[in-house]
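Okay, so here's the structure we're looking at.
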Amino acid sequence: MCAIRVSCPLVPPVRPSDSTPPSPRTPAGGRPGSEVDSDAVPLPPDDGGVGDPAWADDGPGETHHHTRDPDHPDTRELAARFEEEKPGRTLSGPVGRLFTAVTVAVALLTLWQVFFPLPQGSKYYLIIFLAGVLPMVFLAYPSGVRPRRTATGRPGPTAVDWALALAALLVCLYPVLPVTLGAAGGGYDAFLDRQGLLDPLDVAFGTGLLLLLLEACRRTTGWILPAVCVMFLGYGYYGGLLPQSWPVAHAGLDFGQLVDAFYNSDSGFYGTPLDVAASYIVLFTIYGAVLDLSGAGRFFVELSAAAFRRSRTAAGRTAVASGFLLGTVSGSGAATTVSIGAVTWPILRRAGYPAERAGGMLAAAGVGAILSPPTLGAAAFIIAEYLGVSYLQVLGWATVPTVLYYLGILLSVEIDARRSGVRPVVIDTGSAWRLLARFGYHFLSLLAIVVVLALGASAMRAVVIATALAAVLSFLDRRHRLTPARLVAALRDGVRGVLAVSAVCAAAGIITATTTKTGLGPQAAALLVSGAQSVSSEPAVVLALTAVLAAVALSLLGLAVPVTASFVIGWVIIGPALLHLGVAAPAAAMFVFYFAVLSEVSPPTALAAVAAAAVTGGRLVPTMWQTLRYALPAYLIPLAFVITPTGLGLLGIGGVGRIVLAGAVSALGVAVLAVAAGGWLPGVGPAGTPERLLGAVAGLVLFWLEPLPMAVGAALAALTVAGVYVRRGAGRPSALKSVHHGEDRG
């Protein structure tokens with residue numbers, strides 16, 4: 001079989017610029033520390049953003065010199081289109097300079113707050129933070145209604161946008177303005193003193209902030225999250241009219257009480273979700289921007305290609321490894337999918353991967369970035385705050401599930417390569433060891449986060465130290481030095497990356513405050529548990545059914561709202577049900593987290609799969625099902641650590657023995673499920689329908705981490721392997737016979 005040589009000039013994903021043009025890209029064929037490849041050819045101008053279609057017809061043995069640059073405007077636009085948030089404006093001129101000034105000021109305030117907290121307290125800081133970011137949402141994200149064009153031809157902020165931005169600034173700063181307005185106003189302390197007894201002017205400003213947050217969410221994420229918030233608002237206001245015999249009925253709240261809960265309590269707009277966005281997420285987005293501009297993203301992708309360049313499954317392995325490493329920069333499933341797809345899809349296509357299968361692989365690898373330490377998705381920081389634990393503990397809980405998740409994907413890659421007859425591809429990137437020796441310093445800042453956390457520092461200090469280290473190390477590569485201008489761009493892009501998240505987190509206060517004031521959480525949990533108990537009274541069955549119902553509910557919820565909001569809603573409504581049944585708090589929180597994240601690969605929306613299909617040009621529905629097949633372990637592992645005590649070992653809880661047992665048995669379950677889904681046993685041969693059915697049952701049973709199910713599952717797995725061996729032996733004589741007949745005919 002003839003190998004295909006692919007020259008792979010890889011570069012990092014870059015966030016859209018706000019006020020400055022993108023920096024010049026490395027010429028095609030360039031690698032870190034290398035000269036331009038004289039054989040490199042440019043992309044044709046009209047390629048749909050996914051590479052030259054003509055390459056698909058190139059003959060085997062030809063060298064592929066270029067892959068789509070993720071810094072290309074088409075790729076950035078494609079990534080933005082499939083983000084949880086809608087694509088924003090490119091701001092330039094005076095507006096761009098104003099945006100940069102405000103976002104950099106917010107970034108500096110955030111960094112200052114880490115080491116020198118404001119003496120007025122955390123809530124005061126959150127008020128100032130929201131006053132800085134919310135007006136920028138209305139400038140950076142269009143309303144979607146007849147955008148006005150600027151002198152440069154780009155849509156710019158309209159008069160309505162400016163009015164909303166000024167209104168947002170006013171209503172956000174109102175609680176801290178030292179201006180007395182009758183019985184209202186008077187500054188921060190006076191505002192807090194009126195908690196529970198708001199003045200009508202307070203209610204008016206609180207209502208204004210409520211409406212502005214709903215509009216900000218609509219602009220950044222669409223209509224569904226605002227609709228959900230309005231439903232909770234309606235429940236809080238009209239719930240008192242429900243028949244009191246209904247479990248979800250409550251005494252009723254008037255509008256002033258609701259606004260007080262949102263505007264002047266610790267569970268509303270300025271609650272834990274916004275605190276996490278302003279204290280953790282913004283620092284990690286700044287870190288990601290610094291790491292990105294320092295050239296780390298490019299290095300991670302090229303290292304992945306170099307590590308597997310001589311492997312039969314080099315193309316697939318490169319895509320998976322790139323997704324894992326780029327997640328440290330992106331932190332978004334859809335964005336990572338587009339970034340790695342832009343680089344690796346031409347390679348996957350040349351290797352012979354069908355578009356749908358390659359798309360499923362890219363989407364699953366991209367979403368894995370949100371599940372992988374050391375920078376998990378935004379909801380992971382909320383877990384740390386809700387449970388009162390360090391972020392390092394959350395990273396520890398995520399480690400074994402991450403290993404199992406990528407084990408499943410890599411096994412599927414190996415199986416697909418053999419079953420589909422994938423052609424070997426030699427990726428011409430140079431030595432991985434040489435890359436590590438020259439650019440391995442990019443890993444140091446990632447390691448610094450873990451080390452500083454292990455020394456007992458807070459996650460905020462750890463990421464600030466890592467950011468400073470990444471900025472200093474950038475000077476080891478003259479093309480990626482963080483000069484003052486580039487540092488300003490990193491601070492601006494970091495804060496821009498948290499604008500939509502901040503709006504979502506503040507709006508989530510509507511949900512949490514309503515749930516707290518009405519007692520909806522325990523009532524919904526009781527309904528969920530009673531539904532399971534109506535099927536069986538056996539505690540183990542009740543727990544399993546509750547977990548399955550919760551998984552379905554979270555998956556459906558995640559189809560409608562972003563991951564962060566999905567986690568918040570799931571935690572306040574479904575979390576109490578799991579805790580009531582004796583599930584440990586870490587297991588319950590991580591369960592909700594995983595299923596909130598998996599909404600990005602769950603049909604029928606599956607944003608990451610949609611993004612992958614756009615890159616590969618594959619059919620959408622088959623791409624979604626392929627994604628589901630690759631990501632299957634991630635759906636089962638959370639159930640495993642919820643329904644059995646042994647399953648806590650998957651979170652690193654319960655001692656070495658439990659951790660090893662749970663990890664080993666679950667790894668066997670992942671492997672058997674990969675064989676069942678892919679129809680091939682690596683090193684042996686194809687699996688028939690009976691073996692695949694046996695393997696599927698074995699994999700499912702193995703995730704019930706109790707002695708009897710584990711024994712039964714292991715026995716079924718052994719039968720599956722034996723069946724494949726028997727099938728291979730039975731197939732050899734017929735194959736040999738056909739060869740002899742062919743010789744006779746010859």
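The values are calculated or read from the model by the stated rules, or taken from the named source; none is laboratory data. Given the structure is predicted, the values throughout are model-derived calculations rather than measurements. Cβ sites come from the backbone with ideal geometry, for glycine too, and all protein chains shown count toward neighbours. Just so you know, the surface numbers come from the protein's heavy atoms only, side chains and all, with ligands and any DNA or RNA stripped out. Shrake-Rupley method; radii C 1.70, N 1.55, O 1.52, S 1.80 Å.
Numbers at a glance
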item: One residue from Val320, Val282 being of a type outside the set (Gly, Ala, Ser) and closer than 29 Å to Gly121 by Cα; result: Val282
item: Region 590-610 residues that are over 24 Å from Pro273 (Cβ atoms) and touching a residue at least 12 places away in the same chain (Cβ under 8 Å), paired with ones that are polar (S, T, N, Q) and open to solvent by less than 10 Å² (accessible area, probe 1.4 Å) (beta carbon under 6 Å, 6 or more apart); result: Ala609/Thr623; Ala609/Thr627
item: Hits in region 474-500 (condition: surrounded by fewer than 19 Cβ atoms within 10 Å (Cβ to Cβ), aliphatic (A, V, I, L, M) and in contact with a Phe, Trp or Tyr (Cβ under 9 Å, 6 or more places away or on another chain)); result: Leu476
item: Of residues in region 250-269 being part of a loop (DSSP other than H, G, I, E, B) and open to solvent by 10 Å² or more (accessible area, probe 1.4 Å), the one farthest from Leu197 (Cα to Cα); result: His250
item: Unique residue being among the small types (Gly, Ala, Ser), within 29 Å of Tyr630 (Cα to Cα) and not in a helix (DSSP H, G or I) when the list is Gly408, Gly396, Gly421, Gly456; result: Gly421
item: Some residue of region 656-668 being closer than 15 Å to Leu404 by Cβ and hydroxyl-bearing (Ser, Thr, Tyr); result: yes
item: Some residue of region 282-299 being of a type outside the set (Gly, Ala, Ser), open to solvent by 30 Å² or more (accessible area, probe 1.4 Å), farther than 30 Å from Arg438 by Cβ and in a helix (DSSP H, G or I); result: no
item: Residues that are over 30 Å from Ile653 (Cβ atoms), touching a residue at least 60 places away in the same chain (Cβ under 8 Å) and aromatic (Phe, Trp, Tyr), drawn from region 396-441; result: Phe439
item: Residue match in region 226-240 (condition: more than 23 Å from the chain's Cα centre (by Cα), in a loop (DSSP other than H, G, I, E, B) and modelled with pLDDT of 85 or more); result: no
item: Qualifying residue in region 232-252 (condition: closer than 30 Å to Val498 by Cβ and of a type in the set (A, V, I, L, M, F, W, C)); result: yes
item: Selection from region 90-101 of residues that are surrounded by fewer than 18 Cβ atoms within 10 Å (Cβ to Cβ) and at pLDDT 90 or above; result: Pro94, Arg97, Leu98, Ala101
item: Output for region 441-459, where each listed residue is of a type in the set (Gly, Ala, Ser) and open to solvent by less than 20 Å² (accessible area, probe 1.4 Å); result: Ser445, Ala448, Ala459
item: In region 697-713, the residues that are out of contact with any Leu (no Cβ under 7 Å at 6 or more places or on another chain) and either hydrophobic (A, V, I, L, M, F, W, C) or in contact (Cβ under 8 Å) with a residue 24 or more places away in the chain (or both); result: Leu700, Trp704, Leu705, Glu706, Leu708, Ala711, Val712
item: Condition check for Ser530: outside any helix (DSSP H, G or I) and open to solvent by 10 Å² or more (accessible area, probe 1.4 Å); result: no
item: Residues within region 613-631 that are surrounded by fewer than 20 Cβ atoms within 10 Å (Cβ to Cβ) and either touching a Phe, Trp or Tyr at 6+ places or on another chain (Cβ under 6 Å) or not in a helix (DSSP H, G or I) (or both), tallied; result: 2
item: Matching residues in region 181-221 - criterion: being open to solvent by 10 Å² or more (accessible area, probe 1.4 Å) and assigned to a loop (DSSP other than H, G, I, E, B); result: Gly182, Ala183, Gly186, Arg194, Gln195, Gly196, Leu197, Leu198, Asp199
item: The listed residue being at pLDDT below 90, open to solvent by less than 40 Å² (accessible area, probe 1.4 Å) and of a type in the set (Val, Ile, Thr), out of Val684, Val665, Val670; result: Val684
item: Selection within region 495-518 - closer than 10 Å to Val572 by Cα and over 27 Å from the mean Cα position of the chain (by Cα); result: Thr516
item: Residue list for region 147-180, restricted to those being modelled with pLDDT of 80 or more, surrounded by fewer than 13 Cβ atoms within 10 Å (Cβ to Cβ) and of a type in the set (A, V, I, L, M); result: Ala159, Val160, Ala163, Leu166, Val179
